[in-house]
């Protein structure tokens, strides 16, 4: 039952204030997305129209056709999916094992030292690492190779995955593993059959953050690749910036194409993502 008296106008004012703030936040968040989609449907002439049009007067999919027919964006997209998917999968496997060790066996001062050294690589600026990384990959013949980027992205994702998954594993009672081992399971089997299924929401949340970071990575992809056979989507999009002109319509279309895989993946695992972000918040 709604309250009567002096409280009602105050509640309405608070409700309208919250609604206005939500609408403002949505406008600020979605306006760039709308403008990107809108620009991708315009011709090059309409993109530079003054004043700018709020919507495409003559919508066209020519920018998308040019991307896949003339600019070979499909190759860059496929490279990104292969490289990012492999790197995230490898980092989840290796990082989960490292996080399990930190959560179960690293105690006291040892845990503090290991936590620091696990996170230390994330503190180093990428510009300071690009030269040694380039020389190492060049020595092993992995420049302009998908495998080279997979190894680099896996190495940079490992600290983040280990740090995230450690907190999720700490929330799982040790008694469950001990009960499985009493029934005859080994430590590795109990980890696979008991711990990982319970930490699935954490794996999903960690994989999404790792996927976004890796999918959008540009610096190492630009330095370590120079041919379409191994370059990723951010590098292919940057190639649309020419010396004499910038193809804004095609760049906007490339942004839409790049956003689709991440949005689809996030929608598919949305339920697990919410559980993963709140896991351990309530005992």
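Points to keep in mind about this one:
- Global geometry of segment 70-278, whether rounded, prolate or oblate, following the gyration tensor of its Cα atoms and the 1.5 cut on a/c: prolate
- Prolate/oblate/rounded call for segment 7-62, Cα gyration tensor, a/c under 1.5 rounded: prolate
- Here segment 74-102 and segment 163-198 have alpha carbon centers that stand 22 Å from each other.
- Label sites at residue 171 and residue 18, each approximated as a point 7 angstrom past Cα along Cα to Cβ, lie 2.5 nm apart.
- By average C-beta atoms within 10 angstrom, highest first, the peptides 202-209, 59-66: 202-209, 59-66
- FRET efficiency, residue 65 to residue 213 (Cβ-Cβ, R0 35 Å, nearest 0.05): 0.70
- Among 80, 185, 91, residue whose mean-square fluctuation peaks in a GNM of the chain (springs only between Cα atoms under 10 Å): 185
- The alpha carbon gyration tensor of segment 135-199 gives principal lengths a ≥ b ≥ c with a/c of 1.5 or higher and a/b greater than b/c, which makes the shape prolate.
- Relative packing of peptides 130-138, 250-258 - highest average C-beta neighbours within 10 Å first: 250-258, 130-138
- Ordering of 166-179, 115-128 by burial proxy (mean other Cβ atoms within 10 Å per residue, highest first): 166-179, 115-128
Any read-out appearing in this document is the output of simple, stated calculations on the displayed coordinates, not a laboratory observation. Keep in mind the model is a prediction, meaning the values are calculated, not measured. Backbone-built Cβ (ideal geometry, glycine too); neighbour counts: all protein chains shown.
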